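Colleague: Shown below is the structure under consideration.
The values are calculated or read from the model by the stated rules, or taken from the named source; none is laboratory data. Since we're looking at a predicted model, the values are computed, not measured. When we count neighbours, we look across all protein chains shown, and the Cβ atoms used for this are built from the backbone with ideal geometry, even at glycine. Note: areas computed on protein heavy atoms with side chains; ligands, DNA, RNA excluded. Shrake-Rupley method; radii C 1.70, N 1.55, O 1.52, S 1.80 Å.
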Amino acid sequence: MDITQAFSDLQSEVNVRDRADKKARGRRDVFKDAFAAETTEIFASGSLARGSQIDPINDVDMVAVFSEADYPHWGADGDNAEEALEEVRLRVRALLGQTEGVHAKVVRQVNIRNHSVKCFLDDPEVQGAFTVDLVPALARNGHLLIPEQRSKKWVESDPKLLMSKVAAAHADWNRLGLLHQWVTSDLWCPARGT
């Protein structure tokens, strides 16, 4: 393979990743737009938000922060943790359901998980179907409370702090990788190239 073909192959791979990334961000933005008026804040919280996703991109993780004034029955331990997830599942269907969505008709199926609702934008029977995992939350005392269906509790979480720590670790790792490349290159040790 000559150098021109190698660069062409690399550019093709980058273009495919760019298209997949844009498609995932577009699907994420549909949720952001649909829930903007329903929440005090909605933000991406997973690898796509951190820029550390790997191919193929099969999901987007999001957190939707709801107002305690609008949902005063949320936040206490008990059945309301599951009720909150069910309420968000119903809101997803009403706003984005494939047949009934008033904002867009993109979600085929919504399943309740322990902390989130899993929204299938692709056929759920297809391996690697694209999903949006939407976590409902309440802001309280500088943290978020998120429902936990199995324990029937609301647990404290700080996904933004976690994302910043992961991003910092990722940046450090990338710098370490660059240092390793430089140290092991012929520039650092010219004798190695002979």
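Colleague: Residues 104, 49: which one is among the aliphatic types (A, V, I, L, M), under 20 Å from the mean Cα position of the chain (by Cα) and modelled with pLDDT under 95?
Modeller: Result: 49 is the single residue among 104, 49 that is among the aliphatic types (A, V, I, L, M), under 20 Å from the mean Cα position of the chain (by Cα) and modelled with pLDDT under 95.
Colleague: Name every residue in the stretch 78-107 that is surrounded by fewer than 19 Cβ atoms within 10 Å (Cβ to Cβ), touching a strand residue (DSSP E or B) at 6+ places or on another chain (Cβ under 8 Å) and over 23 Å from residue 153 (Cβ atoms), in order of residue number.
Modeller: 93, 98, 101, 105, listed by residue number.
Colleague: Those residues that are at pLDDT below 95, farther than 9 Å from residue 61 by Cβ and in contact with a strand residue (DSSP E or B) (Cβ under 9 Å, 6 or more places away or on another chain), I need them from the stretch 127-136; list them, please.
Modeller: Once the filter is applied, which keeps residues that are at pLDDT below 95, farther than 9 Å from residue 61 by Cβ and in contact with a strand residue (DSSP E or B) (Cβ under 9 Å, 6 or more places away or on another chain), the stretch 127-136 yields 129, 130, 131.
Colleague: Let me ask something additional. Considering only the stretch 21-38, state which residues are open to solvent by 20 Å² or more (accessible area, probe 1.4 Å) and at pLDDT 90 or above.
Modeller: 29, 30, 32, 33, 36, 37, 38 - these are the residues of the stretch 21-38 that are open to solvent by 20 Å² or more (accessible area, probe 1.4 Å) and at pLDDT 90 or above.
Colleague: Taking the stretch 108-130 as the search range and keeping residues that are assigned to a loop (DSSP other than H, G, I, E, B) and of a type in the set (S, T, N, Q), which one is surrounded by the fewest Cβ atoms within 10 Å (Cβ to Cβ)? So that I can check it myself, show each step before the final result.
Modeller: First, pick out the residues of the stretch 108-130 that are assigned to a loop (DSSP other than H, G, I, E, B): 108, 113-116, 121-130.
Then keep just the ones that are of a type in the set (S, T, N, Q); that gives 114, 116, 127.
Working: 114: 13, 116: 24, 127: 6.
Among those residues, the one meeting the criterion is 127.
Colleague: Looking at (1) at pLDDT 95 or above; (2) open to solvent by 50 Å² or more (accessible area, probe 1.4 Å); (3) not in a helix (DSSP H, G or I), find the lone condition where residue 147 falls short.
Modeller: Of (1) at pLDDT 95 or above; (2) open to solvent by 50 Å² or more (accessible area, probe 1.4 Å); (3) not in a helix (DSSP H, G or I), only one is false for residue 147: (2).
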